[in-house]
Amino acid sequence: MIAIEKQRQQIQIYCDNSKTLKQRNLLGQYSTPVKLANDICNYTKKLFSADNSIRFLDPAAGTGVFFSSLQNTFSIEKIKLAEGYEIDEHYGKPARDIWKNTFVNYKLEDFTQSAVPENNSEKFNLLICNPPYIRHHHIPSIHKTYLQTKILDSTGIKLSGLSGMYCYFMMLAHSWMQPDCVAVWLVPSEFMDVNYGQAIREYLLNEVTLLRIHRFTPNDIQFDDALVSSAVVWLKNKKPPENNKVVFTYGGTINAPIHKKEISAAILLKEKKWTRFPLLPERITSDKAKLSDFFTIKRGIATGHNKYFILSLDEILKRDLPLSQFKPILPNPRNLNQNVINANSDGIPQVENQLFVLNCELPFDELETSYPNLYQYLLKGIEDGVSKRYLCEKRKLWYAQENRIESPFYCTYIGRSDDEKNKPFRFVLNYSKAIVSNSYLILYPKKLLADKIIDNPELCTFIFDELNNITRDDMLDESRVYGGGMYKIEPKELGRVCLSNFLTFL
Ligand SMILES: C[S@@+](CC[C@H](N)C(=O)[O-])C[C@H]1O[C@@H](n2cnc3c(N)ncnc32)[C@H](O)[C@@H]1O
């Protein structure tokens with residue numbers, strides 16, 4: 001067995017290295033580190049009745065790390081069968097060779113198309129899987145429809161078209177489980193928070209007994225080549241008991257997590273963002289005001305090619321381009337060293353790195369005579385393929401930006417929060433005419449607030465203070481976390497963030 005495992009690891013390295021990251025991305029090929037596979041099996045053994053012999057299934061086997069861990073953990077006499085599916089010959093052929101003549105039945109087959117065993121006795125009582133992390137836009141729509149129909153027929157569950165491939169695997173595998181089968185899924189934690197995950201969350205609460213979810217800290221990336229924050233989900237194929245309690249753990253290792261809390265299914269049913277557990281308590285429905293009560297929140301502009309469209313004042317002068325066809329724009333958050341932006345008399349921001357975005361709405365032909373240098377610059381853009389870029393091509397005039405006006409309030413869209421003192425996002429108070437790119441969100445005051453600001457512009461600093469008084473936890477509650485400790489907040493999510501004292505002056 002040690003010899004097989006050695007060979008397996010060599011094959012894994014060889015196969016990974018002979019593909020590009022992009023190729024592996026398309027089939028969601030991120031292997032499970034051996035230590036993690038062993039940790040998963042060790043913990044799973046505690047949930048599995050010692051009397052049972054094992055019929056094991058891995059629907060996305062790769063080179064078969066879980067076959068090795070299975071044998072490290074359970075005695076070989078207990079393992080009646082271990083069956084694995086793999087779609088890609090690149091991994092599948094050498095893996096099938098090493099597992100030949102062992103307890104493993106390795107099938108080079110597309111699991112999503114494989115026929116479900118008809119009898120319970122042919123099904124499985126232990127399933128461990130790290131399914132492919134294929135994002136929805138890489139799944140052809142004809143295949144999505146096939147998978148959705150198959151799942152609807154077999155489970156009655158309707159998966160959203162935005163679901164990643166791992167969701168289809170979880171739902172398809174349901175019919176492969178014997179009653180009481182223990183299943184373990186190593187999946188991106190995204191399903192715990194996002195809308196497409198709702199169907200999975202309902203399945204976990206209503207169709208099976210959800211036992212535990214462990215999340216790794218986002219900066220402890222389990223797969224060094226996949227930027228996702230991962231979760232391990234344990235369930236039993238059995239309708240849930242009344243008052244089921246699910247163990248949520250976070251950080252550390254599976255066997256020694258740093259945080260642990262039992263959460264009742266009744267609480268989980270009401271909560272749309274499960275990643276708040278175990279760190280945060282049950283959400284108290286708040287009658288506090290939310291940002292969306294006062295602001296319309298939009299993204300900053302997506303130019304389609306910042307290097308081409310956003311220029312410094314020096315560059316504009318050097319090329320003799322007309323400043324009237326540009327708008328000031330703030331530098332990206334990491335190059336913006338201040339949170340209050342004052343302006344000169346033209347509304348140009350007083351920042352170290354003054355930038356301008358091309359924002360011309362004049363027809364191309366007209367420019368040849370009215371702004372010949374700009375015309376030449378656009379010709380160069382066409383020659384360099386800028387006009388054919390996805391976003392540019394979709395616009396009426398490829399060089400005219402979305403219509404966004406400046407606002408006194410911006411919020412950064414992405415950030416880190418490595419410790420409790422650090423807020424992941426920062427607010428910017430803007431007195432200039434600068435707009436922002438999509439590395440910021442724009443908070444436009446709604447009418448009631450806008451009128452108050454017109455009457456009393458001083459209010460802006462007060463509002464800015466209140467925005468800065470929003471707690472880190474209130475922000476994290478609504479944001480989403482990515483691998484490597486990055487947080488992002490979308491316009492709707494920022495709109496749901498609560499304020500403390502905001503109403504007093506209205
Ligand atoms: C995340 S990797 C996990 C591999 C291995 N089980 C591990 O944990 O290291 C997912 C594997 O599923 C395979 N795969 C992708 N689509 C599949 C399909 N439709 N049927 C079977 N395997 C598939 C990929 O080629 C890849 O090897």
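Observations on the model:
- Residues that are under 20 Å from the mean Cα position of the chain (by Cα) and not charged (D, E, K, R) within the stretch 412-466 comprise T412, Y413, I414, G415, S417, P424, F425, N438, S439, Y440, L441, listed in sequence order.
- Among the residues making up the stretch 165-193, those that are among the aliphatic types (A, V, I, L, M), within 15 Å of the ligand (Cβ to nearest atom) and in a helix (DSSP H, G or I) are M165, M170, M171, L172, A173.
- Which numbered condition R55 misses (of (1) at pLDDT 95 or above; (2) open to solvent by 50 Å² or more (accessible area, probe 1.4 Å)): (2)
- The listed residue being within 16 Å of M171 (Cβ to Cβ) and at pLDDT below 95, out of I151, I76, I134: I134
- Near pairs, Cβ below 6 angstrom, 6+ apart or cross-chain, from the stretch 457-468 (over 11 Å from F409 (Cβ atoms)) to any residue that is in a helix (DSSP H, G or I): L459/K452; L459/I453
This table checks each residue for (1) closer than 19 Å to C15 by Cα; (2) in a loop (DSSP other than H, G, I, E, B); (3) within 14 Å of the ligand (Cβ to nearest atom); (4) more than 31 Å from the chain's Cα centre (by Cα).
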| site | (1), (2), (3), (4) |
| --- | --- |
| P94 | yes, no, yes, yes |
| D97 | yes, no, no, yes |
| T102 | no, yes, no, yes |
| A115 | no, yes, yes, yes |
| S121 | no, no, no, yes |
| L127 | no, no, yes, no |
| P132 | yes, yes, yes, no |
| H137 | no, no, no, no |
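- L26 within 12 Å of the ligand (Cβ to nearest atom), at pLDDT 95 or above and in the same structural domain as N255 (by TED's automatic domain parsing): no
- Filter result (in contact with a Gly (Cβ under 9 Å, 6 or more places away or on another chain) and not charged (D, E, K, R)) within the stretch 86-109: Y91, G92, A95, I98, W99, V104, N105, Y106, L108
- Residues that are within 13 Å of the ligand (Cβ to nearest atom) and either assigned to a loop (DSSP other than H, G, I, E, B) or farther than 23 Å from N120 by Cβ (or both), drawn from the stretch 40-66: I40, C41, P59, A60, A61, G62, T63, G64, V65
- Every residue from the stretch 67-81 that is outside any loop (DSSP other than H, G, I, E, B) and more than 12 Å from the ligand (Cβ to nearest atom): Q71, N72, T73, I76, E77, K78, I79, K80, L81
- Which listed residue, of T249, T296, is polar (S, T, N, Q) and either in the same structural domain as L499 (by TED's automatic domain parsing) or under 30 Å from L358 (Cβ atoms) (or both): T296
- Entirely in the stretch 227-270, the strands (runs of 3 or more DSSP E) that have 1 or more residues that are free of Cβ contacts under 8 Å to residues at least 24 places away in the same chain: 245-252, 257-264
- Which numbered condition T275 misses (of (1) surrounded by 14 or more Cβ atoms within 10 Å (Cβ to Cβ); (2) modelled with pLDDT under 95; (3) outside any helix (DSSP H, G or I)): (3)
- Of the residues making up the stretch 115-127, just one is within 26 Å of T145 (Cα to Cα) and open to solvent by less than 10 Å² (accessible area, probe 1.4 Å), namely L127.
The values are calculated or read from the model by the stated rules, or taken from the named source; none is laboratory data. Everything numeric in this text was worked out from a predicted model, so none of it was measured. Virtual Cβ from ideal backbone geometry, glycine too; neighbours counted across all protein chains shown. Ligands, DNA and RNA are stripped out before the accessible areas are found, and what is left, the full protein with its side chains, is counted by its heavy atoms. Shrake-Rupley method; radii C 1.70, N 1.55, O 1.52, S 1.80 Å.
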